[in-house]
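The values are calculated or read from the model by the stated rules, or taken from the named source; none is laboratory data. From a predicted model like this one, the values you see are computed outputs, not experimental measurements. Here Cβ is always computed from backbone atoms with ideal geometry, including for glycine, and neighbour counts include all displayed protein chains.
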């Protein structure tokens, strides 16, 4: 219930946090922000493509401009038609000037002729370079014409100063023959020039068109780039705004997570019912106190007495209210102690630092007295107490937390078993006793595993005839170093360790096996622990033992005490009825002690009453004791129950019981418990020796 309430309170805190007035960080918002971020990648790639296109267009435009300049330069500076026509004209002027120089009536100096000749030589040298060379060598006719011209000019250049009239006439004839071909060659060059101009003009137009297209593409691309940049800026602004909102939300979420963490830390380190620190925080504080070594460290372990009774009788709600009020009373001691905590259930711990052992005992007594004051729960007054175990150390750093807790727990165990003051301060001898008990527990576990227990058998005799009517099986444990350990020691220990079911099964099997070997059909009585009856398959286990050993159920009697009725009376009655339905009998052992009442005789299905030996001790001297025994015998007889009187040790006691009219007796007067080896006479069907002689022999 406490855990459920803790989870509920935590859930309420989380719901309050979830209802805070802020924009939630939804997956849709995160998705939009991621989309804004992812949209930037296509735009970036497009921008890169446009920039690469700009670079390519710029390079192309630079190449186009360079080509255009070359075309213009060619048109402007390399007019081949003009050069050829000028050369032809110069050739004809040289021809005319040469003829004039040799006429008698003309006075043309030879130097002027030489000047014209040098001009022609210079012109002819230019024909050997560039496009003129390409044009003149394009056909054989042109090469022949140029060759003839070169030959004439070379002869003239070599012999100009020594020519006579006859030689001049011959050269002029040769030059006259070349006038026609040169004129035709000039015409061809003119036509070639016009063709080249047309080609250049077309090339210029193409370059202009390409240039215009590139410029238009650049303009469009820049417009697209500007639009993309504007869109990119808009997306970036949206992304920035979303990021700012997300940042605000994250700051708010971080603050809420911090608050939640503080709340969760509190829940993790405090008990939700009592609001006291829990076991986790307790261990942390205890280890810290021991490490600090600031003074004497005192640890108090507190266990509420009778809390289980309140919880079982009034319900868990009352139990929770009681724990809550106990914690409030503990809070009254906050100024005196370092920390109170709830370890779980009805167990608490208290840590004191700097107080002496005597002071811690005083605080423990004060706390015990405060818890012992009545509690008022739903108009009910409830009283409980507490047991406190104390461990005190003046040298904190010489002991660890686990060892100190163990010592306080040992002191608490002794406080619980104390009959007077339920406060115990740990001392070293307690550790020795505790270790000895642990060693005994380990030995007991091994003894159960190995089946090292043996049974002694004590006779139950008829009071009047002293005839043997049955035997009780008594378990014994012969420890290899400790000697014989009595049942009142190892049976409660086995119950605490959870071994009683296995041990009881072994004892029952041994007893039934021994009884099945007797030729005389005597009844065997075996004691049961109340915890054995709580095993879900106990009845079936008894049936299994009877089947295995072959013992008739009518020869088996199971002895129980009235303590089996304390927890689940209806369930116990049902199991006892199932056992009796098998044919075996049930005996009420130690009747007259503890919680026995006449109502048990009426309500519980059993067949035998075993009167406790405390009623027999003074029966020969005290008439009241005899009257009580007679009352039980009379009641048992009227209810058709067998009555067995235990603890008969003297003849006087036996005579008093005979006078009362008891049915069966059991005690040292008749026989002490013996091993199975002493019961060989029971294996003989025709044996009729006296009982006491039988056991004595």
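So, in segment 335-388, how many residues would count as being within 36 Å of the chain's Cα centre (by Cα), surrounded by fewer than 16 Cβ atoms within 10 Å (Cβ to Cβ) and either at negative phi or in contact (Cβ under 8 Å) with a residue 40 or more places away in the chain (or both)?
1
Given the conditions (1) outside any helix (DSSP H, G or I); (2) touching a helix residue (DSSP H, G or I) at 6+ places or on another chain (Cβ under 6 Å); (3) modelled with pLDDT of 85 or more; (4) crowded, with 17+ Cβ neighbours inside 10 Å, which single one is not true for residue 662?
It fails just one condition, (3).
Would you be able to say whether some residue in segment 141-154 is loosely packed, with under 14 Cβ neighbours inside 10 Å, in the same structural domain as residue 93 (by TED's automatic domain parsing) and outside any helix (DSSP H, G or I)?
As a first pass, look at segment 141-154 and keep what is loosely packed, with under 14 Cβ neighbours inside 10 Å: 141, 143-144, 147, 151, 154.
Within this subset, residues satisfying the condition of being in the same structural domain as residue 93 (by TED's automatic domain parsing) are 141, 143-144, 147, 151, 154.
From what's left, outside any helix (DSSP H, G or I): none.
No, segment 141-154 contains no residue that is loosely packed, with under 14 Cβ neighbours inside 10 Å, in the same structural domain as residue 93 (by TED's automatic domain parsing) and outside any helix (DSSP H, G or I).
Quick one: which helices (runs of 4 or more DSSP H) sit completely within segment 445-550 and have at least 2 residues that are modelled with pLDDT under 90 and within 54 Å of the chain's Cα centre (by Cα)?
Numbers: elements: 487-497, 500-516, 538-549.
Result: 487-497.
Looking only at segment 502-532, count every residue that is within 12 Å of residue 542 (Cα to Cα) and free of Cβ contacts under 8 Å to residues at least 40 places away in the same chain and tell me the total.
The total comes to 4.
Which condition number in (1) within 30 Å of residue 200 (Cβ to Cβ); (2) in contact (Cβ under 8 Å) with a residue 12 or more places away in the chain is the one that residue 122 fails?
(2)
Given the residues 616, 674, 648, which is the only one that is modelled with pLDDT of 90 or more, within 30 Å of residue 602 (Cβ to Cβ), surrounded by 14 or more Cβ atoms within 10 Å (Cβ to Cβ) and in the same structural domain as residue 590 (by TED's automatic domain parsing)? Give the derivation first.
On the way: 616 fails: modelled with pLDDT of 90 or more; 674 fails: within 30 Å of residue 602 (Cβ to Cβ).
Step by step, each of 616, 674, 648 is checked, and only 648 is modelled with pLDDT of 90 or more, within 30 Å of residue 602 (Cβ to Cβ), surrounded by 14 or more Cβ atoms within 10 Å (Cβ to Cβ) and in the same structural domain as residue 590 (by TED's automatic domain parsing).
Could you list, in sequence order, the residues of segment 127-151 that are over 18 Å from residue 184 (Cα atoms) and touching a helix residue (DSSP H, G or I) at 6+ places or on another chain (Cβ under 6 Å)?
Within segment 127-151, the subset over 18 Å from residue 184 (Cα atoms) is 128-131, 151.
Scanning segment 127-151 gives a single hit, 131.
Among the listed residues 281, 290, 323, identify the single one that is in contact (Cβ under 8 Å) with a residue 40 or more places away in the chain, closer than 20 Å to residue 390 by Cα and surrounded by 21 or more Cβ atoms within 10 Å (Cβ to Cβ).
Details: 281 fails: surrounded by 21 or more Cβ atoms within 10 Å (Cβ to Cβ); 323 fails: closer than 20 Å to residue 390 by Cα.
Exactly one residue qualifies, and that residue is 290.
Checking the structure you have, find out if any residue of segment 466-476 is surrounded by fewer than 20 Cβ atoms within 10 Å (Cβ to Cβ), over 23 Å from residue 504 (Cβ atoms), without any contact (Cβ under 8 Å) to a residue 24 or more places away in the chain and in the same structural domain as residue 498 (by TED's automatic domain parsing).
No.
What tally of residues in segment 389-399 results from selecting those that are surrounded by 14 or more Cβ atoms within 10 Å (Cβ to Cβ) and in a helix (DSSP H, G or I)?
The initial filter retains those residues of segment 389-399 that are surrounded by 14 or more Cβ atoms within 10 Å (Cβ to Cβ), namely 389-393, 396, 399.
Cutting the leftovers down to in a helix (DSSP H, G or I) gives us 396.
Qualifying residue count, segment 389-399: 1.
Among the residues of segment 400-409, is there at least one that is part of a loop (DSSP other than H, G, I, E, B), touching a residue at least 12 places away in the same chain (Cβ under 8 Å) and under 38 Å from the mean Cα position of the chain (by Cα)?
Scanning segment 400-409 turns up at least one residue that is part of a loop (DSSP other than H, G, I, E, B), touching a residue at least 12 places away in the same chain (Cβ under 8 Å) and under 38 Å from the mean Cα position of the chain (by Cα).
Okay, residues lined up against (1) more than 16 Å from residue 93 (Cα to Cα); (2) assigned to a helix (DSSP H, G or I); (3) touching a strand residue (DSSP E or B) at 6+ places or on another chain (Cβ under 6 Å); (4) touching a residue at least 24 places away in the same chain (Cβ under 8 Å):
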residue: 134; (1), (2), (3), (4): yes, yes, no, no
residue: 173; (1), (2), (3), (4): no, yes, no, no
residue: 178; (1), (2), (3), (4): no, yes, no, yes
residue: 185; (1), (2), (3), (4): yes, yes, no, yes
residue: 192; (1), (2), (3), (4): yes, yes, no, yes
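Quick test for you: out of 203, 138, pick the one residue that is over 60 Å from the mean Cα position of the chain (by Cα), without any contact (Cβ under 8 Å) to a residue 12 or more places away in the chain and either closer than 30 Å to residue 64 by Cα or in the same structural domain as residue 97 (by TED's automatic domain parsing) (or both). Working first, answer last.
Values: 203 fails: without any contact (Cβ under 8 Å) to a residue 12 or more places away in the chain.
Testing whether each residue is over 60 Å from the mean Cα position of the chain (by Cα), without any contact (Cβ under 8 Å) to a residue 12 or more places away in the chain and either closer than 30 Å to residue 64 by Cα or in the same structural domain as residue 97 (by TED's automatic domain parsing) (or both) leaves just 138.
Kindly indicate whether any position in segment 427-439 is outside the structural domain of residue 523 (by TED's automatic domain parsing), surrounded by 21 or more Cβ atoms within 10 Å (Cβ to Cβ), touching a helix residue (DSSP H, G or I) at 6+ places or on another chain (Cβ under 6 Å) and not in a strand (DSSP E or B).
No - not one qualifying residue is present in segment 427-439.
Name the one entry in 272, 263 that is surrounded by 12 or more Cβ atoms within 10 Å (Cβ to Cβ), outside the structural domain of residue 46 (by TED's automatic domain parsing), in contact (Cβ under 8 Å) with a residue 12 or more places away in the chain and more than 30 Å from residue 388 (Cα to Cα).
On the way: 272 fails: more than 30 Å from residue 388 (Cα to Cα).
After applying the criteria, what remains is 263.
Across segment 410-424, which residue is nearest to residue 367 (Cα to Cα) among those that are outside any helix (DSSP H, G or I) and out of contact with any helix residue (DSSP H, G or I) (no Cβ under 6 Å at 6 or more places or on another chain)?
Narrowing segment 410-424 to residues outside any helix (DSSP H, G or I): 418-424.
If we keep only those that are out of contact with any helix residue (DSSP H, G or I) (no Cβ under 6 Å at 6 or more places or on another chain) as well, we get 418-421.
Working: 418: 18, 419: 19, 420: 16, 421: 13 Å.
Ranking the candidates gives 421 first.
Of all residues in segment 155-168 being part of a helix (DSSP H, G or I) and touching a helix residue (DSSP H, G or I) at 6+ places or on another chain (Cβ under 9 Å), which is surrounded by the fewest Cβ atoms within 10 Å (Cβ to Cβ)? Reasoning before the result, please.
Of the residues in segment 155-168, the ones part of a helix (DSSP H, G or I) are 155-162, 165-168.
Next cut, touching a helix residue (DSSP H, G or I) at 6+ places or on another chain (Cβ under 9 Å) only: 155-157, 159-161, 167-168.
Working: 155: 15, 156: 24, 157: 14, 159: 13, 160: 16, 161: 8, 167: 14, 168: 17.
By that ranking, first place goes to 161.
If you check 573, 564, which single one turns out to be at negative phi, touching a helix residue (DSSP H, G or I) at 6+ places or on another chain (Cβ under 8 Å), assigned to a helix (DSSP H, G or I) and modelled with pLDDT of 85 or more? Can you show your working first?
On the way: 564 fails: modelled with pLDDT of 85 or more.
Answer to the check: 573.
Let's see how each residue does on (1) in contact with a strand residue (DSSP E or B) (Cβ under 9 Å, 6 or more places away or on another chain); (2) at pLDDT 80 or above; (3) closer than 30 Å to residue 168 by Cα:
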{"position": "65", "(1), (2), (3)": "no, no, no"}
{"position": "72", "(1), (2), (3)": "no, no, no"}
{"position": "75", "(1), (2), (3)": "no, no, no"}
{"position": "78", "(1), (2), (3)": "no, no, no"}
{"position": "83", "(1), (2), (3)": "no, no, yes"}
{"position": "90", "(1), (2), (3)": "no, yes, yes"}
{"position": "115", "(1), (2), (3)": "no, yes, yes"}
{"position": "119", "(1), (2), (3)": "no, yes, yes"}
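Quick check, is residue 486 in contact with a strand residue (DSSP E or B) (Cβ under 9 Å, 6 or more places away or on another chain), more than 30 Å from residue 394 (Cβ to Cβ) and free of Cβ contacts under 8 Å to residues at least 24 places away in the same chain? Talk me through it step by step, then tell me what you get.
On the way: in contact with a strand residue (DSSP E or B) (Cβ under 9 Å, 6 or more places away or on another chain): yes; more than 30 Å from residue 394 (Cβ to Cβ): yes; free of Cβ contacts under 8 Å to residues at least 24 places away in the same chain: yes.
In short, yes.
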